[in-house]
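Heads up: the structure comes next, in structure tokens.
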Amino acid sequence: MKMSRVRPVVVVAALCVVVSCAAFAQTAAEGFGVCKPAAQKTSPGQPGCWILGEQPVGKIDQPQAYWQIETYPTLAAAEAAKGPHSKVVESMGKFWLMTIEQRGWHPPKSGKRMAEIGPLPITAGKEYAATFMEGIFEPGMTSMIHRHSGPEAWYVIAGEQCLETPDGKLVGRPGAPPVIVPAGPPMLLTGTGTTQRRALTLILHDASQPPTSMEHEWKPKGLCKVAGRE
């Protein structure tokens, strides 16, 4: 998969912030919010949606790509292993190397391989950028209703999440097949299960568009039930 470098671009922050179910009655736009930079967290495990970083990817000449995830013992080791389409982030007590590449790619200096997530459905010949985020949801927390200009994928570390789209629901848990959605459809993400959900998120979006936009017309059917609240 050939990917050309592009100049860094300013990307509009992903609109993925969460609110608790208890706050719904206190806001006119239920579930609405904006993801914040991770530097604004006041504690490491603070619930919410946190932007870890942006990475220009460039033009991808194939209709698929993969999200390669590795961890390293130190920030310096992770930085030394970066490829041309890699981003190093610190999240949940680990140093992560996040890379958009072809299937089977490995960094020049291997760390601990955590996941290879894909294929991510893209349009060959289009330029892309990657937005990496951290999501910490208590059971019942939800995103706003939104859509993306490129595929979104999750690496669930703990707990459970449920994504509702017009096509139904997709449930993500540690060790289960990863949840991947293409560009376009509206969606609502909910923290389900009985424990805190923690996950890393990728939006591989059209570099000429914001990663996320709000959705006002689609109404979820309530397919994602929270344990003990049905």
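To keep it simple, each residue is scored yes or no on (1) within 29 Å of R173 (Cβ to Cβ); (2) over 16 Å from the mean Cα position of the chain (by Cα); (3) at pLDDT 95 or above.
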{"residue": "V12", "(1), (2), (3)": "no, no, no"}
{"residue": "C16", "(1), (2), (3)": "yes, no, no"}
{"residue": "G45", "(1), (2), (3)": "yes, yes, no"}
{"residue": "P63", "(1), (2), (3)": "yes, yes, no"}
{"residue": "T74", "(1), (2), (3)": "no, yes, yes"}
{"residue": "A80", "(1), (2), (3)": "no, yes, yes"}
{"residue": "K87", "(1), (2), (3)": "yes, no, yes"}
{"residue": "M92", "(1), (2), (3)": "yes, no, no"}
{"residue": "K109", "(1), (2), (3)": "no, yes, no"}
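Scanning the range 103-129 for residues that are in contact with a His (Cβ under 8 Å, 6 or more places away or on another chain) and buried (at least 17 other Cβ atoms within 10 Å of the Cβ) gives Y128, A129.
Each row is one residue, and each column tells you yes or no for (1) touching a helix residue (DSSP H, G or I) at 6+ places or on another chain (Cβ under 8 Å); (2) within 14 Å of Y72 (Cα to Cα); (3) without any contact (Cβ under 8 Å) to a residue 60 or more places away in the chain; (4) not in a loop (DSSP other than H, G, I, E, B).
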position	(1), (2), (3), (4)
S110	no, yes, yes, no
I117	no, no, no, yes
L120	no, no, no, yes
G125	no, no, no, no
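Taken over the range 136-153, the criterion of being assigned to a loop (DSSP other than H, G, I, E, B) and of a type in the set (D, E, K, R) is satisfied by E138 alone. Total residues in the range 55-90 satisfying the condition of being part of a loop (DSSP other than H, G, I, E, B) and touching a Lys or Arg at 6+ places or on another chain (Cβ under 7 Å): the figure is 3. Each residue in the range 154-193 was checked for being in contact (Cβ under 8 Å) with a residue 40 or more places away in the chain, among the β-branched types (V, I, T) and either touching a Pro at 6+ places or on another chain (Cβ under 7 Å) or not in a strand (DSSP E or B) (or both), and 4 of them qualify. For T74, state whether it is surrounded by 15 or more Cβ atoms within 10 Å (Cβ to Cβ) and polar (S, T, N, Q). The answer is no for T74. Scanning the range 194-221 for residues that are out of contact with any strand residue (DSSP E or B) (no Cβ under 8 Å at 6 or more places or on another chain) and either modelled with pLDDT of 95 or more or not in a loop (DSSP other than H, G, I, E, B) (or both) turns up W218, K219. Count of the range 46-97 residues, restricted to those that are farther than 18 Å from Y155 by Cβ and of a type in the set (S, T, Y), is 1. Got at least one residue in the range 40-56 being among the aromatic types (F, W, Y) and within 17 Å of P151 (Cα to Cα)? Looking through the range 40-56, none of the residues is among the aromatic types (F, W, Y) and within 17 Å of P151 (Cα to Cα).
The values are calculated or read from the model by the stated rules, or taken from the named source; none is laboratory data. Quick caveat, the model's predicted, so the values are computed rather than measured. Methodologically, a virtual Cβ is constructed for each residue, glycine included, from the backbone with ideal geometry; neighbour enumeration extends over all protein chains shown.
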